[in-house]
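Worksheet: one structure, shown below.
The values are calculated or read from the model by the stated rules, or taken from the named source; none is laboratory data. As the structure is a prediction and not an experimental result, all values here were calculated from the model. Ideal geometry is used to build each Cβ from the backbone, glycine not excepted, and the neighbour counts take in all protein chains shown.
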Amino acid sequence: MSEAEKTMIPADDLARSLVVKDVETAMHLGLVGDTYTVLLRGEDTAGRHCLIDMYVPPGGGPPPHRHDFEESFTLLEGELEFTFRGEKQRARAGVTVHVPANAPHMFRNVGDGPARMLCICSPAGQEGLFEAVGVKVGGRTEAPPKLSEAEMKAVGEKAVALAAEYKTEML
């Protein structure tokens with residue numbers, strides 16, 4: 001490869017536009033007791049990634065799962081316990097955690113107050129599962145409505161039924 005080829009980058013894709021989103025007017029979804037705000041969807045990034053603002057109350061977090069895409073979390077507030085391949089590790093505000101594709105993991109808010117983090121999934125797609133399973137709420141810190149046992153079971157069954165479509169496996 002020549003030196004010119006090594007330094008060449010593609011031309012600007014003029015079909016793509018600058019994307020500016022306001023967190024307060026974005027889509028806010030209640031899911032597993034947490035509130036996820038979709039800041040960037042795959043359609044905003046040519047499928048390269050999605051960006052989700054996650055607000056996790058004490059005790060909150062998803063069940064164990066794995067998926068066929070990379071996932072990174074930057075904690076802005078609070079303290080979480082990540083379980084990665086069965087090993088637990090705590091992370092506090094200011095830390096970034098990266099989960100490689102296909103690895104079993106979960107997180108739980110082990111602090112006294114809410115945790116907030118930014119989550120990037122690459123490539124995009126996970127936001128579609130959240131939108132299909134979550135319930136819309138009014139704001140970034142608004143708690144999802146309390147679900148009855150039957151409603152929680154129905155949401156869980158829907159998530160399991162749709163998981164493969166979004167390259168996700170519930171464990």
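Things worth noting here:
- Residue within the range 129-150 that is under 14 Å from the mean Cα position of the chain (by Cα), surrounded by fewer than 17 Cβ atoms within 10 Å (Cβ to Cβ) and over 19 Å from T35 (Cα atoms) present: no
- Of the residues making up the range 67-86, those that are within 14 Å of H98 (Cβ to Cβ) and either touching a residue at least 60 places away in the same chain (Cβ under 8 Å) or small (G, A, S) (or both) are H67, F69, S72.
- For Y55, the criteria (1) without any contact (Cβ under 8 Å) to a residue 24 or more places away in the chain; (2) touching a strand residue (DSSP E or B) at 6+ places or on another chain (Cβ under 9 Å) hold in every case but one, which is (1).
- Which listed residue, of G111, G125, G156, is surrounded by 12 or more Cβ atoms within 10 Å (Cβ to Cβ), at positive phi and not β-branched (V, I, T): G125
- Within the range 1-25, the set of residues being over 28 Å from G59 (Cα atoms) and either of a type in the set (S, T, N, Q) or not in a loop (DSSP other than H, G, I, E, B) (or both) comprises S2, E3, A4, E5, K6, T7, S17.
- Scope the range 92-107; condition surrounded by fewer than 20 Cβ atoms within 10 Å (Cβ to Cβ) and in a strand (DSSP E or B); matching residues: R92, T96, V97, H98, M106
- Residues located in the range 33-61, provided they are within 15 Å of F82 (Cβ to Cβ) and modelled with pLDDT under 95: none
- Figure legend. Inter-residue proximity from the range 9-20: first residues within 15 Å of E43 (Cα to Cα), second residues surrounded by 10 or more Cβ atoms within 10 Å (Cβ to Cβ) and among the hydrophobic types (A, V, I, L, M, F, W, C), beta-carbon distance below 6 Å, spacing 6+ or different chains. No pairs are indicated.
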